[in-house]
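Every read-out reported here was derived from the displayed coordinates using simple, explicitly stated rules and does not represent laboratory data. All of these numbers come straight from a predicted model, not from anything done at the bench. Because the Cβ atoms are built from the backbone with ideal geometry, glycine has one as well, and the counts that use them run over all protein chains shown.
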Amino acid sequence: MAERIELRDGGWLVYEPCLLSTAEADRLFSRLQSGVKWRQERAYGRPMPRLNAWFADPGLAYAYSGIRYHGQGWPEWLLPVKQQVEAVAGSMFNSLLLNRYRDGTDSIGFHADAEPELGADPIIATLSLGAERNFVLKHCRNNERQSYRLLHGSLMVMGGSSQHNWLHSVPKTKTPVGERISLTYRKIL
């Protein structure tokens, strides 16, 4: 059952610990590992500490950290998952950024998804598959931190003013950990 969490300064989260059953999550994880063309992007001249892929409605473009993507459409097999995510998030999405964390040394630093093309208060939904990792939020002004353990098949939705007042990350870990894939849904205006 999805839990709504209110954040300081008008942000909110919705956490659904089991959007997908273990069997569904296992199948999708395996399909993403073998059926997606993964790339190691470079941001500002350095390789990113994770692999990426991107799907979006045809004609859409998205840029962050000096990387630019162009929408070529969606694989049919990803559309039912997209619909499940949209139902819980209460929002329609037209793009999907995938991050593949090969082990604990792969990460994403503190950032906000606040690009102008995402709108004033974007809703960002992330489906987690594979190894459990910490998802850490940090308030922009007072450095308050909150941490959530994202489970295999879980969904975390960020909304309200969360992208303006909070940064989020999946930090590196020295604890041995397996591979994780996140599917992050956005609506580009």
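One line per residue, one yes/no per condition, for (1) crowded, with 23+ Cβ neighbours inside 10 Å; (2) assigned to a helix (DSSP H, G or I); (3) of a type outside the set (G, A, S):
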position	(1), (2), (3)
L155	yes, no, yes
H164	no, yes, yes
K174	no, no, yes
T184	no, no, yes
L189	no, no, yes
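Per the listing M48, M1, the residue uniquely buried (at least 16 other Cβ atoms within 10 Å of the Cβ) and not charged (D, E, K, R) is M48. Pairing residues of region 7-21 that are without any contact (Cβ under 8 Å) to a residue 40 or more places away in the chain and part of a helix (DSSP H, G or I) with residues that are crowded, with 17+ Cβ neighbours inside 10 Å and hydroxyl-bearing (S, T, Y), at Cβ distances under 8 Å and at least 6 apart in sequence or on separate chains, gives no pairs at all.
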